[in-house]
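First the structure, in the form of structure tokens, and then the observations on it.
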Amino acid sequence: MLPFSYTRAADGDAAIAAGALPGAKFLAGGTNLVDLMKGGVEAPQALIDISRLPLAGISALQQGGVRIGALARNSDTADHPVIRSRYPLLSRALLSGATPQLRNAATVGGNILQRTRCHYFYDPGFQMCNKRNPGSGCAALEGHNRMHALFGASAHCVATHPSDMCVALSALDALVRLRSAAGERAVAMLDFHRLPGDEPHIETRLVPGELIVSVDLPASSFVKHCAYLKVRDRASFAFALVSVAIALDVREGLIHEARIAMGGVAHKPWRAFGAEQLLVGAPVDAAPFAEAAGAAVEGARALKHNAFKIDLARRAVLRALRIAQS
Amino acid sequence: MTETATSDALALVLKVNGADRELQIDPRVTLLDALRDHLGLTGAKKGCDRGQCGACTVLVNGRRVYSCLTLAAAHDGDRIATIESLSAQELRSVQAAFVEHDAFQCGYCTSGQIMSTVALLDEMSAGAASAVTPRLTGPIELTDDEIRERMSGNVCRCGAYPNIVAAVRAVAGES
Ligand SMILES: Cc1cc2nc3c(=O)[nH]c(=O)nc-3n(C[C@H](O)[C@H](O)[C@H](O)COP(=O)(O)OP(=O)(O)OC[C@H]3O[C@@H](n4cnc5c(N)ncnc54)[C@H](O)[C@@H]3O)c2cc1C
Ligand code: FES
Ligand code: FES
């Protein structure tokens, strides 16, 4: 690790001021940032420790929603009674990620901002990586790319976003609340992460020094019919090859609204809007699930080693729909 | 704690195994290295040093974490419990179960496995769910599937897994 200064932020304003200086980074649970610093991928000059700011609460919002503080630990969020009973999809997605030890340290804000697990990004031994080294090229494009993107990739980057939690948040239409010296604003989870385009090193809509303060969920109508399915190389403690979040709002036997989001397939959680539309109005016990699963992978573009993920994603969507159905 | 110049030593206090320990350390030092190299507590092991094996598992304010992926500087005032702190009683029952069920070969992962076992029992009594819990509301039964999932953050290079599951099952049955 290269040397850096360490400051514990006294309050939110101090954090925002210090975080906006060049070379500064916020430190939350540290499970991604410290790892990347050890590997020489990140080299901040100043760490601003935000982990003790009073942003860890989980509280009910008017109109039935819930506000999850950016510093709520992944384990506390997954196990919160309101999340377990009203947003089981989010509990399931969180519990599918990492391990108990990591979830006890990892925060909601850090989880959203965790960086790709592309091996070429993670290993500065490879000179080429447009994220680490803008303009150097993408080693994964012609290299080992079985974990890489099926949707929304570019000639400059084929990396995926590795989070499980964000797939559920995207299906649940979460809002990410942000704070900077300019004030507060909210960005939909769906728009928060960018596609790589020709600037893959710019991964989100966050501006320097901006702090994620909470994630807000609207009132949930998906308690009974939801599923999170994660497919990976081993049964636990591995990132998704493909993951699927399904949420169905069923009223009097008919699908009133459907949400289908996929993880491990794009630079951001990937919503399958076309597939969702195919299900609206259908009876839940005879819905065109196979057609929807087919539609979910329409437009997928395979790289050299990841073509298997197209069929895997289709089948995972189908299986998750069937789990959510019952 | 105040700001430091780049990598100047920081002063902090860790409440390690019940005693206040004052440290002067570079902010780059992880909690694991602080425990092992600065405080001489070598019970927590360094396996991967990258959050991928669990050998370094300790309890921070009562919860299990990987001490290799967190900076000591971030823990000023925190309560840290390493395997050295387990009461004779706890250590005896978990250790005895590991011995009885032959739950290790080289033993390198074992202190992490034991700290995770202790944490798992606390998490079960707090009603924490896991990815394989069938229903998120209502009581949770500690099946072998649950044990495997809840212990999955501790890798055993010798592959003693079936015996680790048996040891955890035995300790959970006693408590
Ligand atoms: C071995 C291993 C396996 C894993 N497996 C999985 C998995 O299966 N699924 C999964 O989803 N994740 C997995 N993870 C990733 C884990 O979920 C993330 O590391 C974690 O969520 C990051 O949270 P943190 O609080 O530790 O973030 P940190 O490491 O502290 O920060 C990450 C980034 O977010 C920024 N940041 C943090 N909080 C804020 C905030 N409030 N406002 C603005 N910026 C902020 C930091 O500056 C930094 O850039 C795994 C990690 C490891 C090490
Ligand atoms: S040494 Fe910390 S997880 Fe491997
Ligand atoms: S006993 Fe050797 S690593 Fe587990």
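Things worth noting here:
- Residue check, residue A:117 open to solvent by 40 Å² or more (accessible area, probe 1.4 Å) and either within 16 Å of ligand 3 (Cβ to nearest atom) or within 14 Å of chain B (Cβ to nearest Cβ) (or both): yes
- Of residues in segment B:56-81 being more than 11 Å from chain A (Cβ to nearest Cβ) and crowded, with 20+ Cβ neighbours inside 10 Å, the one nearest to residue A:10 (Cα to Cα): B:80
- Flag for residue A:304 being open to solvent by less than 40 Å² (accessible area, probe 1.4 Å), modelled with pLDDT of 95 or more and of a type in the set (Lys, Arg): no
- Just so you know, in segment A:139-159 the residues that are open to solvent by less than 20 Å² (accessible area, probe 1.4 Å) and either polar (S, T, N, Q) or in a loop (DSSP other than H, G, I, E, B) (or both) include one that is nearest to residue A:204 (Cα to Cα), and it is A:159.
- Residue in segment A:84-99 that is over 24 Å from residue B:149 (Cα atoms), assigned to a helix (DSSP H, G or I) and not β-branched (Val, Ile, Thr) present: no
- Test for residue B:20: is it away from ligand 1 (no atom under 16 Å from the Cβ), farther than 17 Å from residue B:116 by Cα and touching a residue at least 12 places away in the same chain (Cβ under 8 Å): no
- Those residues of segment A:77-111 which are among the aliphatic types (A, V, I, L, M) and in contact (Cβ under 8 Å) with a residue 60 or more places away in the chain, in sequence order: A:89, A:90, A:93, A:94, A:98, A:102, A:105, A:106, A:108
- Qualifying residue in segment B:82-96 (condition: more than 16 Å from ligand 2 (Cβ to nearest atom) and within 14 Å of another protein chain (Cβ to nearest Cβ)): no
- Within segment B:58-73, the set of residues being in a strand (DSSP E or B) and either within 16 Å of ligand 3 (Cβ to nearest atom) or in contact with a Cys (Cβ under 7 Å, 6 or more places away or on another chain) (or both) comprises B:66 only.
The values are calculated or read from the model by the stated rules, or taken from the named source; none is laboratory data. Treat the numbers as computed from the prediction; the structure is a model and nothing was measured. Backbone-built Cβ (ideal geometry, glycine too); neighbour counts: all protein chains shown. Heads up: the accessible areas ignore ligands, DNA and RNA and are worked out on the full protein's heavy atoms, side chains in. Shrake-Rupley method; radii C 1.70, N 1.55, O 1.52, S 1.80 Å.
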